[in-house]
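Following: one structure in structure tokens, then a few remarks.
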Amino acid sequence: MKRREFIAFAGAAAVARSFLWPLAAHAQATGSVRKVGVLLSGVESDPDSQVRIAAFRRGFADLGWKEGDNAQIEYRWSAGKSDLIRQYAEELVALKPDVILANSTPVIAMLKSMTNSIPIVFALATDPVGLGHVQSLSRPGGNITGFTFIDPALIGKWIGFLKEIIPNMGRAGLLFNPGTTPFYPGWIREIEAAHLNGTTELVAMPVGSDAAMEAAIAALAQKPGSCLMIGPDPFNVVRIKAIAQLAAQNRLPAISVYRPFAVEGGLMAYGPDTADIFRRSAGYVDRILRGASPADLPVQQPDKFEFVINLKAAKALGLTVPATQLATADEVIE
């Protein structure tokens with residue numbers, strides 16, 4: 001190529017580069033922002049909900065993601081309502097995010113019915129294999145994986161904690177909404193078959209409204225030697241303060257998987273550290289954003305638990321908490 005032709009070619013190339021570079025830079029910037037959907041079962045203003053989502057945000061930030069910079073996060077709070085779960089699930093799926101963080105079993109079920117392509121990481125799921133959300137814990141398959149919450153053995157643990165305080169306990173009622181937690185009847189049969197409840201009668205307490213809940217708790221309290229158990233359920237979590245108050249009014253010893261239950265005046269709380277689960281879920285969201293497939297990420301189970309005792313509630317019920325139990329508690333409310 002002659003010198004004059006080379007200079008003309010180089011000049012044209014420079015002009016082309018000056019025109020194309022802003023477009024390429026814009027495309028690169030746009031592609032670098034990853035979109036994450038988050039659908040939660042609780043109420044945004046609830047203190048425990050804030051603790052959980054703050055843990056996720058910290059875990060996500062620690063992995064190099066900054067909201068408004070290289071990550072866009074769309075949050076939705078369903079307040080334990082089935083209609084809002086459906087509405088917000090539809091909204092998030094329509095946004096076509098790179099991954100969705102799903103909190104609670106009803107949320108996971110709804111999202112599964114709507115997409116088999118968008119990766120989903122669940123936090124606080126119950127019985128994902130039994131409900132068909134994943135193929136197995138070690139090899140989930142499909143587009144869903146995440147972190148579980150409780151299993152039937154934990155219910156046996158609750159009964160054991162209650163019996164340490166009330167040796168003559170003869171009955172334990174399990175409060176749940178069958179519309180949002182379809183797994184409990186099967187669990188009760190499994191617990192009874194395995195004799196995890198020992199000599200204690202395990203009673204199913206299915207409720208679907210505030211009035212039904214109040215009536216069921218009052219009826220249980222009329223039977224001597226009865227206690228109440230409150231497991232994971234969107235219906236329960238948004239009413240946890242009211243349930244604690246009802247247990248106190250009916251002089252009913254009770255234990256819940258949720259720490260706020262004991263904080264609000266319930267006798268005990270024992271369950272997985274939910275903030276830790278949300279923090280760990282950020283790691284799976286990060287791995288999927290960096291190219292991992294949810295089908296290859298094993299479902300993980302809780303490895304940190306919290307035990308909270310409310311001594312004020314025990315005193316009001318006329319109960320004495322054994323020193324050995326106090327020694328094992330992570331928190332004692334006086």
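The values are calculated or read from the model by the stated rules, or taken from the named source; none is laboratory data. Every value quoted in this text rests on a predicted model; they were computed, and no experiment measured them. Neighbour counts are summed over all protein chains in view; Cβ atoms, including those assigned to glycine, are modelled from backbone coordinates with ideal geometry. The area values use the complete protein model at the heavy-atom level, side chains included, leaving out ligands, DNA and RNA. Shrake-Rupley method; radii C 1.70, N 1.55, O 1.52, S 1.80 Å.
Within the range 171-185, being touching an Asp or Glu at 6+ places or on another chain (Cβ under 8 Å) and open to solvent by 30 Å² or more (accessible area, probe 1.4 Å) holds for one residue alone: 171.
When both residues are 6+ apart or on different chains and their Cβ atoms are under 6 Å apart, which pairs have a first residue that lies in the range 107-122 and is farther than 19 Å from residue 43 by Cα and open to solvent by 20 Å² or more (accessible area, probe 1.4 Å), and a second that is at pLDDT 95 or above and part of a helix (DSSP H, G or I)? That search, which allows pairs on different chains as well, returns 114/89; 114/93; 119/288; 119/294. At least 3 residues being under 17 Å from residue 124 (Cβ atoms), open to solvent by 10 Å² or more (accessible area, probe 1.4 Å) and in contact with a helix residue (DSSP H, G or I) (Cβ under 6 Å, 6 or more places away or on another chain) is the threshold, and among the helices (runs of 4 or more DSSP H) wholly inside the range 218-296 those reaching it are 274-289.
The condition (being assigned to a loop (DSSP other than H, G, I, E, B) and either among the small types (Gly, Ala, Ser) or farther than 16 Å from residue 257 by Cα (or both)) is satisfied by just one residue among 86, 139: 139. Within the range 201-217, restricting attention to residues that are buried (at least 16 other Cβ atoms within 10 Å of the Cβ) and either in a helix (DSSP H, G or I) or of a type in the set (Lys, Arg) (or both), the residue that is nearest to the chain's Cα centre (by Cα) is 213. Of the residues 145, 180, the single one that is assigned to a strand (DSSP E or B) and in contact with a Pro (Cβ under 6 Å, 6 or more places away or on another chain) is 145.
Of all residues being in contact with a helix residue (DSSP H, G or I) (Cβ under 6 Å, 6 or more places away or on another chain) and open to solvent by 10 Å² or more (accessible area, probe 1.4 Å) in the range 151-170, which is modelled with the lowest pLDDT? Just the residue, please. That would be 152.
On inspection, residue 332 fails the criterion of being of a type in the set (Val, Ile, Thr), at pLDDT 95 or above, assigned to a loop (DSSP other than H, G, I, E, B) and touching a helix residue (DSSP H, G or I) at 6+ places or on another chain (Cβ under 7 Å). Taken over the range 297-329, the residue count meeting the criterion of being open to solvent by less than 90 Å² (accessible area, probe 1.4 Å), closer than 30 Å to residue 129 by Cα, outside any strand (DSSP E or B) and not hydrophobic (A, V, I, L, M, F, W, C) is 2. Restricting 283, 291 to residues that are at positive phi and modelled with pLDDT of 95 or more narrows the list to 291.
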